[in-house]
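The next block holds one structure in the form of structure tokens; read it before the comments.
The values are calculated or read from the model by the stated rules, or taken from the named source; none is laboratory data. The structure presented is a predicted model; accordingly, all values stated were derived computationally and were not measured. Cβ atoms come from the backbone with ideal geometry, glycine included; neighbour counts cover every protein chain shown.
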Amino acid sequence: MEEFQPIIVKKSIRKEGHHGGSWKVAFADFAVAMMAFFFLMWILNSTTETQKKAIEGYFKDPAGVSQSGGSRYVIDLGGSPQTLDANNETRGYDSDYIDPQGVMSAADIETLAEKIERERLKDLMQELTQKIEESETMRPFKNQLVLDITKEGLRIQIIDQTKRPMFDPGGARLKYYTRDILLELGNFLSQVPNKVKLTGHTDSAKYADDDDFGNWELSSNRANAARRTLIEGGMPAAKVAEVVGLADTVLFDEKRPFDPVNRRIAMIVLNKKSAEQIRTNAGGKVQNNEPKVIEPVRPRSQPFTKSEMQEATKKLSDDLGNIKPDELPSPDRFKEAEDNEQIWNLDDF
């Protein structure tokens, strides 16, 4: 009898392993899609009809080539990341382009010119302050040198002290140290293009015979003595715009009219407006009576290049005393503070 071999069937039980992280990717896509849907609903609910038309125009014409409706940008914030050159070719964003926001009016140009000149005078005051500190002649008398900025310009005052007067008593003869100070100031002012005004001041002490010679004559003589010494120090005579003796009408210390501090000489580096006003008040011919007409060099929507703005600034600076464009103050310094006529002593620096 034939024998049959038994058939043995082996079954192996496999345990299920990790099936991968594809579900995480799918869930992330779903979450992003829901977030995008949420933003879409929020935008549609918060935008105006004009903004919706702008968005619609963008999707219809993303390149902004056509002239029909809508904006070339999804959200138009009033700026433009692209500009058009003279050939209507699209430029990418370039830091060499700035938007002047239209053509400046004559009043705006005059205001800007005054601010630029005021900043130049402030820089000049700082330069003179440093020069006084470095000068062996002027440093010992720095407490008698008072600098401040007024509506007329930079004012430099040399004031009397009880034991250190500028002039001989009752006369216009300069003390030797006052003369040395004025000689150095004359050299400094020779390098400044502005006109200079000189004023003489006295205290309220009266002369016995005030009718023949009094504080008016004395203050005028002292102002003229200062003028002659400044010219000797190198300041051109043509730079002098006005020499005035004011007696005791403008006291330095009104509470103490007889104090020596009221006896002083003031030199004012005039701004252009004040110099022209002196000329006009004296009967001189008015210069530049009519405001300049500034013609636009391109449409309002077309930005200017930095080189063009620098050229325009150079033309403007020529009217302010040949300012070099690279020496102009930065725009953030145009934030004008109120003119408070505050006196700044050199010890404050």
- Task: Scan region 161-179 residue by residue and report those that are within 14 Å of A223 (Cβ to Cβ) and within 37 Å of the chain's Cα centre (by Cα).
- Result: M166, T178
- Task: Scan region 131-171 for residues that are surrounded by fewer than 19 Cβ atoms within 10 Å (Cβ to Cβ) and either farther than 18 Å from I268 by Cα or acidic (D, E) (or both) and report the count.
- Result: 19
- Please verify whether region 302-314 includes one or more residues that are modelled with pLDDT of 75 or more, surrounded by fewer than 12 Cβ atoms within 10 Å (Cβ to Cβ) and part of a helix (DSSP H, G or I). no
- Task: Check region 187-205 and report whether any residue there is in contact (Cβ under 8 Å) with a residue 24 or more places away in the chain, under 12 Å from I268 (Cβ atoms), surrounded by 18 or more Cβ atoms within 10 Å (Cβ to Cβ) and of a type in the set (D, E).
- Result: no
- Counting just the residues of region 113-147 that are among the acidic types (D, E) and in contact with a helix residue (DSSP H, G or I) (Cβ under 8 Å, 6 or more places away or on another chain), which one comes out modelled with the lowest pLDDT? E114
